[in-house]
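Notes follow once the structure below has been shown.
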Amino acid sequence: MADDARIPAPERAAFYDRIGAHSMAPLWESLHVLVSKQPVTPVKPHLWSYDQVRPYLMEAGGLITAKEAERRVLILENPGLPGKASVTHSLYAGLQLVLPGEVAPGHRHTQTALRFILEGCDAFTAVDGERTLMRPGDLVITPSWTWHDHGNDSDRPMVWLDALDIPLVGFFDASFAEAANADSQEVSRPLGDSTARYASNLLPVDWKPATQNSPIFNYPYARTREALTTLAANGDPDPHHGYKMRYVNPASGGHVTPTISAFVQLLPQGFASAPYRSTDGTVYSVVEGEGRTVVGGQTLSWKPRDVFVVPSWAEHVHHATSEAVLFSFSDRSAQEKLGLWRERRAA
Ligand code: 1HN
């Protein structure tokens, strides 16, 4: 019987106890759990409805200031990883609120961050001396060890989805962090400077990348949407992805950061994707449209600003009831560097 096979014979159990006292263990008792035939993950498919989450976020706005909190964020914690501050096994996600007039003070850390803007207009993030104004659908990156602060000089609350590689950095025991001397860093370059230098299909002639991060720190939605609209008008969608694009580091052709990748896809009205799976557990943020994603026997029905998770190697399909745009992020960038990333496309 299978159960009996898992209970070691008494002389083996006694042996395991004896070697256990010397910090050793028998591999043969756990080999097939350690090295599974395919990915086994505690991560569960899950959706956070923005309509449900927003009132809590605004309530947090009345309980603590951005300055006091340092970052006023509600962590989106995967129900399969309670208490772990993880949205997937490798990544963290949260919803951050910065109210009019507030500042989220400057700091830096080895964790890499992406921000995907959900609500509000024209609050800024400053990264290493340059500010960018943020609008819904913009993707802003804050690379590892860059000084960053946020401020909201607009008259409306600003909400964005934060993605950080906190669990991954924690796994490597490689976390360092420092607070800045001033809440808001001194601005040393005007607005739009990086866009001119790095995001205009040009690079300064002698510039060489010092890191694997994209030198572009705001990928504005207006330009993303224009590309998707043109693609959708000019050809057929990919059966698994619709019209899907990857945010690129123009200096390398690689992903936007060494650990976190970002993507955006347009699904035409009525589109039903063919079943797909990949090893990068993925977090989606709905930008436009409505539909549902069927994953691991669950149906996640979504609309704008909802956030949902598809775990590693979970076969899934997307159905768009209206034309839809989905932003997503994952650890694909890290997995590709480690030679681990795989996908499977079903018919
Ligand atoms: C962080 O620096 C930000 O800069 C947001 O906005 C969330 C979560 C953990 C650690 C650092 C930010 C964070 C964070």
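The rows are residues; the columns are (1) touching a helix residue (DSSP H, G or I) at 6+ places or on another chain (Cβ under 8 Å); (2) over 28 Å from Val103 (Cβ atoms); (3) free of Cβ contacts under 8 Å to residues at least 40 places away in the same chain.
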| residue | (1), (2), (3) |
| --- | --- |
| Ser184 | no, no, no |
| Val187 | no, no, no |
| Ala196 | no, no, yes |
| Asp206 | no, yes, yes |
| Phe217 | yes, no, no |
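Show the residue pairs that are 6+ apart or on different chains and have beta-carbon atoms under 8 Å apart, the first residue being within the stretch 228-257 and within 17 Å of Leu139 (Cβ to Cβ), the second being basic (Lys, Arg) and surrounded by fewer than 18 Cβ atoms within 10 Å (Cβ to Cβ).
If the second residue must be basic (Lys, Arg) and surrounded by fewer than 18 Cβ atoms within 10 Å (Cβ to Cβ), the pairs left are His255/Arg246.
Residues of the stretch 166-180 being in a loop (DSSP other than H, G, I, E, B), in contact (Cβ under 8 Å) with a residue 60 or more places away in the chain and out of contact with any Gly (no Cβ under 6 Å at 6 or more places or on another chain), which ones? Give the steps one after another, and end with the answer.
First, the residues of the stretch 166-180 that are in a loop (DSSP other than H, G, I, E, B): 172-176, 180.
Filter once more, keeping what is in contact (Cβ under 8 Å) with a residue 60 or more places away in the chain: 174-176, 180.
Hits for the stretch 166-180 are Ala174, Ser175, Phe176.
I need the full set of residues from the stretch 145-164 which are within 11 Å of the ligand (Cβ to nearest atom) and assigned to a loop (DSSP other than H, G, I, E, B), in order please.
Matches in the stretch 145-164: Thr146, Trp147.
Given the conditions (1) within 15 Å of the ligand (Cβ to nearest atom); (2) touching a Gly at 6+ places or on another chain (Cβ under 7 Å), and given that Thr65 satisfies all but one, which numbered condition is not satisfied?
With (1) within 15 Å of the ligand (Cβ to nearest atom); (2) touching a Gly at 6+ places or on another chain (Cβ under 7 Å) applied to Thr65, the lone miss is (2).
Looking only at strands (runs of 3 or more DSSP E) that fall completely inside the stretch 192-299, which ones have 2 or more residues that are farther than 23 Å from Asp162 by Cβ and of a type outside the set (A, V, I, L, M)?
Working: elements: 243-246, 261-267, 276-278, 282-288, 291-295.
Because the criterion is at least 2 residues that are farther than 23 Å from Asp162 by Cβ and of a type outside the set (A, V, I, L, M), the strands (runs of 3 or more DSSP E) in the stretch 192-299 that meet it are 276-278, 291-295.
May I ask you to list the residues in the stretch 125-142 that are of a type outside the set (S, T, N, Q) and within 12 Å of the ligand (Cβ to nearest atom)? Steps first, please.
Let us first name the residues in the stretch 125-142 that are of a type outside the set (S, T, N, Q), namely 126-131, 133-141.
Residues satisfying the conditions are Ala126, Val127, Met134, Val140, Ile141.
Filter the stretch 77-124 down to residues that are within 12 Å of the chain's Cα centre (by Cα), of a type in the set (S, T, N, Q) and more than 11 Å from the ligand (Cβ to nearest atom) and give me whichever is surrounded by the most Cβ atoms within 10 Å (Cβ to Cβ).
Kept after step one, since they are within 12 Å of the chain's Cα centre (by Cα), are these residues of the stretch 77-124: 86-95, 112-116.
From the residues that got through so far, the ones that are of a type in the set (S, T, N, Q) too are 86, 88, 90, 112.
Among the residues that remain, those that are also more than 11 Å from the ligand (Cβ to nearest atom) are: 86, 88, 90.
Details: Ser86: 24, Thr88: 26, Ser90: 23.
Step by step, filter the stretch 77-124, then rank; the result is Thr88.
Could you tell me which of the residues Lys67, Lys44, Lys37 is part of a loop (DSSP other than H, G, I, E, B) and either without any contact (Cβ under 8 Å) to a residue 24 or more places away in the chain or surrounded by fewer than 14 Cβ atoms within 10 Å (Cβ to Cβ) (or both)? Before you say what the answer is, go through the steps one by one.
On the way: Lys67 fails: part of a loop (DSSP other than H, G, I, E, B); Lys44 fails: either without any contact (Cβ under 8 Å) to a residue 24 or more places away in the chain or surrounded by fewer than 14 Cβ atoms within 10 Å (Cβ to Cβ) (or both).
One residue alone meets the criteria, Lys37.
Where a number appears in this text, it was derived from the coordinates with a stated rule and is not lab data. All of these numbers come straight from a predicted model, not from anything done at the bench. FYI the Cβ positions are ideal-geometry reconstructions off the backbone, even for glycines, and counts take in every protein chain you see.
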